[in-house]
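Below is one structure, written out as structure tokens; comments come after it.
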Amino acid sequence: MILDATPLLHALTRRRIAVLRRQDAAAAQASLLRRLLRRAAGTRFGARHGFAGLRDVASYQARVPLGDYESFWRDWWQPAYPLLRNVTWPGRMPYFALSSGTTSGRTKHIPVSRAMVRANRAAALDVLAWHLHHHPRSRVLGGLTFMLGGSTALERIVPKGQGNVRQGDLSGIAAVEVPSFLAPWTFPPRPLALIEDWDRKLAALAEAVPHDAVRVLSGTPSWLLILLERLAVRYGMPPLPGLELLVHGGVAWAPYRERLAPFLPATCSTREVYPASEGFCAIADGGSGEGLRLLADRGVFWEFVPVGELGTAAPTRHWVATIETGVEYAVVVTSCAGLWSYVLGDTVRFISRAPPRLLVTGRTSYTLSAFGEHLSGEEIEAALLGAAESFGLAVAEYMVGPVFRDARGGHRWLVEPAATAPPGLAPRLAAALDASLVSRNDDYAAHRRGGQLDPPEVVLLPPGAFAGWMRAQGKLGGQHKVPRVLADPERFAAAAAALAG
């Protein structure tokens, strides 16, 4: 029998929500930045950029330029890897989170400090706090929290005697750092969590989970759906009858909301989160449609650069005190893991400033402009889902990329419906998609009218096609995601050929 620890969590929730209710995000962020600068002043990066003399946001932005993973890896991390000691963060870096590099295909080694582990753990408690605030009768710690992640196996990457430095999936790092006293409330146990083969892991989890004891389920929606389908075959509907909270993030929720709904008990609520290997970004603090609240005091100082200014000589660097609603920003991270004005690769748009709430609009790399059409990830997804809905079609996964035909070309859309599509739908879906994009984007419309851009082509794939492709790439399950936009024509052509085959 699992002891119900929810009353203790209620006490923590009341205190935390009271703090957040009166929090001035700008003041919290300014204070956090000053602490980060003090902590890292003695590092090689801090000495190079004069951290000891920096006192505020303006002086920090004047001294520290924007950087990306490639520049940090080349100039700071790779020369000392795997033993980073006082390089960009004080002390020895104990972990590296391996990020799959969704659009580039390259594996990234993201430093994760113990301070970041603590910040992520506190952010996870914030998720439960907001849930209990809105659902005070919930008993989320009266059962198990089921975290559906990748393998928790971590690779030791320095010789014995030189320190315990390990790398692996971020969920593996989180699992290793779960306090032992929380073990009775967490699932899966270590032997199951260590399984690397995703299909074998899902089968083992479905067989072993005490399905009526699960109160919280978290993961990426695409993999949660597969898990719940397997559990439903085994246990019936709903497969987790005591589930009270489903925590989701990593990909857009809209394509999965209706497909997941039949598997959830009527009393189960959902809460979206915005996590990244580089830091926990935001949490839904209210109901659906209200955006995600930026975390102002959980180890990360945030900057926001208008997407159109990325790559320019002097981009405007906003922070929570200067953001505007309705503007698409690239997210920039300064963290307690030694990332300094690091361009994350995500794009957001704020819907409120006090408190700062945002919508995730895509990736900086999820922009399609092979022919000058300048389509954003948000426009791409909205157009496809809207066109599909007009035919009563639910989209499971998709990928779009450019196809060149001499000096001209167009877009090919690889679309996997949730169920087998009726014959002859592909050209009608393409026409509806084209019309939607014309109405949403003036550049796309001009290029279509001018003949520089051919009509889009839609290829409907059988159910399971993308899962099979991800399996062949060695990226099935966990935090791996299908790259929705592949702007590189060679990589897209190779992916399209494999999926069509």
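The values are calculated or read from the model by the stated rules, or taken from the named source; none is laboratory data. All figures in this text were calculated on a predicted structure; none of them were measured in a lab. All Cβ positions, even for glycine, are placed from backbone atoms using ideal geometry, and neighbour counts span all protein chains on display. What goes into the accessible areas is simple: the full protein's heavy atoms, side chains included, and nothing from ligands, DNA or RNA. Shrake-Rupley method; radii C 1.70, N 1.55, O 1.52, S 1.80 Å.
Here are a few things to note about the model shown:
- Adding -39500 (n - 2.57) for every DSSP H run of four residues or longer, then dividing by how many residues the chain holds, sets the calculated 222 nm ellipticity at -10000 deg cm²/dmol.
- Peptide packing: for 332-341, 216-225, 267-276, the average count of neighbouring Cβ atoms within 10 Å per residue gives the ranking 332-341, 216-225, 267-276, highest mean first.
- Using the Cβ-Cβ distance between L310 and E177 with R0 set to 35 Å, the FRET efficiency works out to roughly 0.55.
- E490 versus R156: modelled label distance in nm, points set 7 Å from Cα along the beta carbon direction: 4.0
- Here the extension length gained between A435 and T267 equals 56.5 nm, from 0.36 nm per residue of separation less the Cα-Cα distance.
- Alpha-carbon geometry of segment 46-92: the Rg and the Dmax are 12.0, 33 Å, given in that order.
- Volume of the Cα convex hull of segment 225-335, divided per residue and given in Å³: 141
- Kirkwood Rh, angstrom, the chain [1 / mean 1/r, Cα pairs]: 24.0
- With a simple spin-label model that places each label point 7 Å from the Cα along the Cα-to-Cβ direction, the separation between A122 and R63 comes to 2.3 nm.
- Binning the C-alpha pair distances of segment 84-179 at 5 Å intervals from 0 yields a P(r) profile of 3, 11, 17, 20, 18, 12, 9, 6, 3, 1, 0 %, listed from the shortest bin outward.
- Rounded percent of accessible protein surface that carbon and sulfur make up, segment 413-475, 1.4 Å probe: 55
- F280, F96, reordered so the largest accessible area comes first (probe 1.4 Å): F280, F96
- Largest to smallest principal axis extent of the C-alpha atoms in segment 165-217, angstrom: 37, 28, 16
- Averaging the sequence gap over all C-alpha pairs within less than 8 Å and six or more residues apart, then dividing by the number of residues, gives segment 238-345 a relative contact order of 19 percent.
- Contour excess over end-to-end distance, with Cα ends at R114 and F391 and 0.36 nm allotted per residue: 94.8 nm
- Computed over the chain, relative contact order equals 13 percent, with contacts defined as Cα pairs under 8 Å that lie 6+ residues apart.
- Accessible surface for R139 stands near 100 Å², nearest 10, in the context of the full protein assembly shown (1.4 Å probe).
- When DSSP beta bridges are restricted to pairs lying wholly in the chain, around 65% turn out antiparallel.
- Taking every alpha-carbon pair under 8 Å whose residues sit at least 6 apart, segment 338-481 reaches a relative contact order of 20 percent.
- Long-range HN-HN contacts of Y342 with modeled amide H, under 5 Å: G67, V333, T334
- Using all pairs of distinct alpha-carbon atoms, the Kirkwood hydrodynamic radius of segment 156-287 works out to 16.4 angstrom.
- Label separation (A203 vs R230): 0.9 nm, computed from points 7 Å beyond Cα along the C-beta direction.
- Residue separation of L192 and T322 scaled by 0.36 nm, minus their Cα-Cα distance, works out to 42.2 nm of gained length.
- For q = 0.19 Å⁻¹, Debye-computed log10 I/I(0) when each Cα of segment 1-127 counts as one equal scatterer: -1.18
- Reported value for segment 352-501: 137 Å³ per residue, from the convex hull of its C-alpha atoms.
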